[in-house]
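Shown next, in structure tokens, is the structure this report addresses.
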Amino acid sequence: MAPCPHADECPIDFDDWCHFSSRLQRTSIHRKVKNGQLPYEDKKFSCICVSKKPCKTIKSRIIRHPQIRKGHIILDLCTKDVIKKVTIKKSDGDIYKKARNMRWGSVFE
């Protein structure tokens with residue numbers, strides 16, 4: 001059911017993995033134990049959700065942080081067939097507005 005938009009072999013290269021990142025706040029004790037300087041830590045997670053029942057299929061999922069540039073946004077997508085990089089231009093209108101608010105892990109239709 002998630003995160004993949006397909007039920008086939010994973011198209012990600014062997015030296016990479018499907019994951020998402022979450023920023024966690026560190027307490028002062030946590031910083032001391034880990035010799036950390038920053039008040040936060042970025043943790044990476046991976047998950048898989050399965051079901052015996054059929055589920056709604058999605059077209060693609062964003063697998064990296066969207067790269068927001070002047071006038072366009074670059075998205076790395078896992079699709080039914082391949083991993084692909086898509087550029088959404090400001091001139092694409094509503095799709096561009098929607099893409100600006102998308103995050104790593106979001107479904108992209």
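The values are calculated or read from the model by the stated rules, or taken from the named source; none is laboratory data. Please read all numbers here as calculations on a predicted model, not as lab measurements. Methodologically, a virtual Cβ is constructed for each residue, glycine included, from the backbone with ideal geometry; neighbour enumeration extends over all protein chains shown. Protein only, heavy atoms only, side chains kept; ligands, DNA and RNA dropped before computing areas. Shrake-Rupley method; radii C 1.70, N 1.55, O 1.52, S 1.80 Å.
Give me the accessible area per residue for region 13-73, probe 1.4 Å, as a whole number in Å².
86
Please give the solvent-accessible surface of Lys80 in Å², to the nearest 10, using a probe radius of 1.4 Å with every protein chain present.
It works out to around 130 Å².
Would you calculate, for the chain, the mean residue ellipticity at 222 nm contributed by helices, counting each DSSP H stretch of 4 or more residues as -39,500 (n - 2.57) and dividing by all residues, to the nearest 500?
-3000 deg cm²/dmol
Looking only at region 17-109, where both bridge partners belong to it, what percent of the DSSP beta bridges are antiparallel (to the nearest 5)?
100
Please report the base-10 log of the normalised intensity I(q)/I(0) for region 1-52, using a Debye sum with one equal scatterer per alpha carbon and no solvent, at each q in 0.14, 0.23, 0.24, 0.28 (1/Å).
One equal scatterer on each Cα of region 1-52 leads to -0.57, -0.88, -0.92, -1.10.
For the ranges 82-88, 36-42, 47-53, what's the packing order if you count other beta-carbon atoms within 10 Å of each residue, average per peptide, and put the highest first?
The densest-packed peptide leads the list: 82-88, 36-42, 47-53.
Carbon and sulfur atoms: what percent of the 1.4 Å accessible area of the chain do they account for?
C and S fraction of accessible area: 54 percent.
Report ³J(HN,Hα) in whole Hz for each residue of region 11-18, in order, from the Karplus equation J = 6.51 cos²θ - 1.76 cosθ + 1.60 where θ = phi - 60°; Gly and Pro get x.
Here the 3J(HN,Hα) series is x, 6, 4, 4, 9, 10, 8, 7 Hz.
Which order do Arg26, Arg31 take by accessible area at a 1.4 Å probe, largest first?
Listed by decreasing accessible area, they come as Arg31, Arg26.
Output the Cα-based Rg and Dmax of the chain in Å, rounding Rg to one decimal and Dmax to a whole number.
17.0, 50
If amide hydrogens are placed 1.01 Å from N in the peptide plane, which non-local residues have theirs closer than 5 Å to the one on Phe108?
The list, which skips near neighbours in sequence, is Ser60, Arg61, Ile62.
Read phi for every residue in region 19-36 and hand back ³J(HN,Hα) as whole Hz from Karplus 6.51 cos²θ - 1.76 cosθ + 1.60, θ = phi - 60°, with x for Gly and Pro.
Ordered by residue, 3J(HN,Hα) equals 7, 9, 10, 9, 8, 10, 6, 9, 7, 4, 5, 4, 4, 5, 4, 9, 6, x Hz.
What pairs in Lys43/Lys80; Lys53/Lys80; Lys56/Lys98 have C-alpha atoms more than 25 Å from each other?
Violating the 25 Å limit, Cα to Cα: Lys43/Lys80.
Largest first, what is the accessible-area ranking of Arg61, Arg100 with a 1.4 Å probe?
So, going from the largest accessible area down, we get Arg100, Arg61.
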